[in-house]
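The values are calculated or read from the model by the stated rules, or taken from the named source; none is laboratory data. Since the structure is predicted, the reported quantities are computational estimates derived from the model, not experimental observations. We place every Cβ from the backbone using ideal geometry, glycine too, and count neighbours over all the protein chains shown.
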Amino acid sequence: MNPLDRNNKIGLIQYIRTGFILMSACLYSATSNAHPGPLDENGGHYNGSSYHCHLGLCEQPDTFSRTGQDSFFFDTDSRSKYFNAVDWPYDEDFDGDCQPTRTEILVATSRANVGYTNPRNCEVRTGEWLDEYTGKVFTVAAQIAIDHIIPLKYAHNVGGDRWPTNKKVAFANDPMNLLLSERSEIRKKGDKGPSRYLPREEYRCDYARQWQAIAEKYELRLVSRDRNRIAAMLKDCSQD
């Protein structure tokens, strides 16, 4: 599928779901503030943009230090212990039609009519999907999963941990940042940026553009090695 066609389709999903996502984010924020829920491996949790310790030896995360418009003076990977997946919920049924995020993306991006596992059309069973990362085509939905182009933990590590709850939920469910891929490829990519993982050659220019567009939309300051890699890729793409 042409990336522009894909973006048009997922844009429609985004428009329909935005209100439900924001409403759910507000409800989720109220719930998370009332009770900490599961703690991260550091022994604490975020309430919105503030961090609270609950166990002994729990450490407060360092704040960002900047010089002008550049340079972070800490190891972003060290912030991983403060990452808690419950702060970034996704693949949920935000609009009450029984279809979670993954199902809606499967329906929108299938190149053939989809088949469902039940009469309510809650879960997709078959269709035809191009995995942009690998170039493989899949016809069984169970073989592919949602990947965040900019990983949630990556966003957390470069400042997203301080976002309010509604922004975390919006980022985690933004169709602009969602892509279906083979499960093993998603594990291979993990939380890596473009300096450490790249998809197949044919998709790399679009991949770099997606990273830049998403980072700009959410005002994410990418680590320097990834910013440099994206800039070099886009320069090469413009010369093709």
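Here are the numbers for the structure shown:
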{"read-out": "Failed item in (1) closer than 30 Å to Phe83 by Cα; (2) free of Cβ contacts under 8 Å to residues at least 40 places away in the same chain; (3) hydroxyl-bearing (Ser, Thr, Tyr), with Thr117 passing the rest", "value": "(1)"}
{"read-out": "Whichever residue in segment 77-98 is of a type outside the set (Asp, Glu) and more than 18 Å from Gly190 (Cβ to Cβ) and, among such residues, is nearest to the chain's Cα centre (by Cα)", "value": "Pro89"}
{"read-out": "Complete set of residues in segment 155-184 that are free of Cβ contacts under 8 Å to residues at least 60 places away in the same chain, more than 20 Å from Leu220 (Cβ to Cβ) and touching a strand residue (DSSP E or B) at 6+ places or on another chain (Cβ under 8 Å)", "value": "Ser181, Glu182, Arg183"}
{"read-out": "Residue list for segment 110-122, restricted to those being at pLDDT below 95 and either in contact with a helix residue (DSSP H, G or I) (Cβ under 6 Å, 6 or more places away or on another chain) or among the hydrophobic types (A, V, I, L, M, F, W, C) (or both)", "value": "Cys122"}
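Here is a yes/no grid of residues against (1) of a type in the set (Val, Ile, Thr); (2) closer than 26 Å to Arg227 by Cβ; (3) modelled with pLDDT of 95 or more:
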position	(1), (2), (3)
Gly127	no, no, yes
Val137	yes, no, yes
Ala142	no, no, yes
Ala145	no, no, yes
Val158	yes, yes, no
Arg162	no, yes, no
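Condition check ((1) over 27 Å from Cys205 (Cα atoms); (2) outside any strand (DSSP E or B); (3) of a type in the set (Asp, Glu)) across all residues:
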position	(1), (2), (3)
Asp93	yes, yes, yes
Asp97	yes, yes, yes
Arg120	yes, yes, no
Arg125	yes, no, no
Gly135	no, yes, no
Phe138	no, no, no
Ile150	no, yes, no
